[in-house]
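Chemist: The structure's right below; bear with me while I get my questions together.
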Amino acid sequence: MCIRDRFNAEFFTSENGGYKRVEKEADIYQKLIKYQPENNEEINETNEEKKEYNLNVYVHLSKLLSLKTVGSLLFLKYPSIVVKLFKDNEQVGFCRASRIPLNSDYTVDWKNISLFRKARFTHLQEGYYLVKVFLEKSSSPGKDEFIGYQIVDLKKDTDTHVFCKPESEIRLQFLNQNNRGVENVQTYITKDNMILSEATSDNNGEVKIGVPYNSGEKYLIKSIYKGFLVFKEETRISCIHSVFPLKKIVTFDVHDLTINVKNSNNKPIDLDITLTSNEMQEPVVLKPDENAHMKYKFWSLPSGNYTLTFKYNTIEVEEKINIPMVNSKTINFYDLTLYVKDELGFKPGVKLDVYLIDETSKKPVIISGNYVSNGEYQFFNLHTGRYILRTQYKSYTVEKQIDIPVGTNENTNIVKIMFPALFNLTTIVFDSHGNSLGDAEIVISRDGKKTQGNTNERGLKMFSIPPGEYRLQVFLDDDLICNRNISVSADKTYKIATAYEPVLLHTVIILTSIVLLIGIAYLSYKKRNTLFFFKILAIYLVFIAIVSPWWAVDGLSNGASTHTEMFLLPTNMVTITSIDNISAGEIIVLDETFKSTMSQLPIILIAALTCIFISMFLKKFEKTKTSTLLFLISVFLLSTVLIVFTYGMSEFTKVTVGD
């Protein structure tokens, strides 16, 4: 009976469908499994079903082996012949060689009865196979004698014959420069790049490895230690080596390596440290044999050029070292403090994006800085190397190349940079009525430093300043007319209403008061002309109305007093807020429809004023009817202005304040 330990299987589960669903899946699987590619091949349209072949292995024992098996029977020991099949150095089949084979149900396979011991392998794909024959000792399980082999290039159904001879033994001892045994040296005996036998040295550096004796055959013996080839020799094995093993002593140098890790706070760092080398015959990744108290130790490394790799977080750094030139190495980690100032010499008034780009790492890694306060950032556990320090805020970026450690003092790693971000601050200054205020002095200050300038005829002045919090003051003729705090984090425009009362208002009030006095004097001269008095009064009130607020509201909240006024000329709503000696105003943005309607009212007022003047003029020429009509029109226009304004403000307050 033969066993091949290779099979295809599928794990399938379903929450519904029961056994019928499983049976259906099994049927589909059996139909499709033959198209599944092997050895990581890709599926494509040209894939065809691979042919399968049978291999019959006939085992022939030498006279000496035959006597050995007969002798074992006399002592009631029942040795058996085992055939193992390998492909690509992996076992793919197992079968006991016998003249009368058994089926899987332990019945006799009459079709394959043979005069010779035979092992049969079926359903094999094309390729090179290694047939190995062992004499299985029932008295010593696990110590089978390797008695024969055959390399087969399988391209069709094939019969092959293996002529077996006693196993010859090779004993190797691996010693270091101090004549101490080297453990875990892997030794292979190969033929035509096929591994016939392999074994690993014990703690004394000794290894025993067997191979069948074949007269005239040469075998290649090679030994690998931690990936390095430490021994390679082609040799012949004679029959005498089945009694007296072939002995060889192999000596090579090994060295220890200690990696010390240090950082500023002596706290452990989660590091993954490995070694590898391009000089390795069989590349492997070596890990520390001991790791304690931030010390990583590699024992018994062969001489060579290595690549030391250490990983932490997402950082991976490689360094070249030579063994034995380097037997101890220290990996230092440093903390870095960054101080940032703006063009005024202050800490930036905003939080910046600060990070490092590690140029030493195998792949570029971005390390974000820890925010301490405005202008101060910290980085922890930076390895020795070159970095790009990048500081960003919106569209501004500053880059600087730095080396860690910084300077000669490894314990103090401080970097100072100037961040030149400047934003345009546009100020537009208005008086208390919303008129542009020219030639006003604007002073912007921060932590004792000032910058200042005067507004133009449109009340405009522009500054370029770093982001931050500032105090803005407006002076006119050395009088402080606005005092407020502002925040600059981008290009910004401030429309600033001040407490300054316009000269025009006082001029109009004085002139209209003079007109009123003249009217009263004239009325007294003419004695009782009441209508003339009301006309003069109307003129006075219209002049006052044009330059005076039509609506006002005061408020008090959390110690801050707010005064809001609505003007018709210009059509503006101005709010002045005062708290703790700080006063600031703003021009409220009005709805376009509301503002357009209100801006027509001064025109109507001027029309009413014009009607009154013409009425007075016609009265003088005794055109009484026309004069009276114009006066009534002026009354109508004034009434219209009052109605429209009252209704408009009512609707405005409903929208902004509520019912």
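Chemist: Once fully extended, how much extra length lies between C239 and F116, figured as 0.36 nm per residue of separation less the alpha-carbon to alpha-carbon distance? Walk me through the numbers before you get to the answer.
Modeler: Values: separation 123, 0.36 × 123 = 44.28 nm, distance 2.46 nm.
So the chain would gain 41.8 nm between C239 and F116.
Chemist: Compute the distance in nm between two label points, each set 7 Å from the Cα along the Cα-to-Cβ direction, one at N193 and one at I28.
Modeler: With each label point 7 Å from Cα toward Cβ, the separation is 4.1 nm.
Chemist: Given charges of +1 on the Cβ of Lys and Arg and -1 on the Cβ of Asp and Glu, with all other atoms neutral, how large is the dipole of region 591-635 about its Cα centre, in debye to the nearest 20?
Modeler: Values: 5 positive and 3 negative charges, 73 e Å.
About 340 debye.
Chemist: For each pair in K297/K363; K363/K416; K232/K311; K311/K347; K218/K287; K155/K248, compute the distance between the two Cα atoms and list the pairs where it is over 31 Å.
Modeler: On the way: K297/K363 26 Å; K363/K416 27 Å; K232/K311 35 Å; K311/K347 35 Å; K218/K287 36 Å; K155/K248 40 Å.
K232/K311; K311/K347; K218/K287; K155/K248, as the Cα separations exceed 31 Å there.
Chemist: Taking amide H atoms as placed 1.01 Å from N in the peptide plane, list the residues 5 or more away in sequence, or in a different chain, whose amide H sits under 5 Å from that of K191.
Modeler: For K191, the qualifying residues are L196.
Chemist: While we're looking at this one, here's another question. Full extension from E217 to S80: what is 0.36 nm times the residue separation minus their Cα-Cα distance, to one decimal in nm? If you can, show how the numbers build up before the last one.
Modeler: On the way: separation 137, 0.36 × 137 = 49.32 nm, distance 2.60 nm.
Contour length minus Cα-Cα distance gives 46.7 nm.
Chemist: Quick one: which of 436-443, 234-241, 166-173 comes out on top by average Cβ neighbours within 10 Å, and what's the full order, highest first?
Modeler: 166-173, 436-443, 234-241
Chemist: Sort out for me the Cα centre separation of region 170-211 from region 325-372, rounded to whole Å.
Modeler: 50 Å
Chemist: Using only the Cα atoms, what convex hull volume per residue in Å³ does region 164-279 have?
Modeler: Numbers: hull volume 16.2 nm³, N = 116.
Taking only Cα atoms, region 164-279 has a hull volume of 139 Å³ per residue.
Chemist: Hey, which of these cross-link pairs are over 20 Å Cα-Cα: K362/K394; K87/K132; K400/K492; K143/K226; K226/K267? Write out the running numbers ahead of the final one.
Modeler: Numbers: K362/K394 30 Å; K87/K132 11 Å; K400/K492 29 Å; K143/K226 27 Å; K226/K267 32 Å.
Too far apart for the 20 Å limit: K362/K394; K400/K492; K143/K226; K226/K267.
Chemist: Full-extension gain between K50 and S328, please, as 0.36 nm times their residue separation minus the C-alpha to C-alpha distance. The partial results should precede the final answer.
Modeler: Working: separation 278, 0.36 × 278 = 100.08 nm, distance 5.57 nm.
This chain segment gains 94.5 nm when fully extended.
Readers should treat all values here as calculations from the given coordinates under stated rules, not as data from a laboratory. This structure is a prediction, so every number in the text was calculated from the model and none was measured. Please note: Cβ atoms are built from the backbone with ideal geometry, for glycine as well, and neighbour counts cover all protein chains shown.
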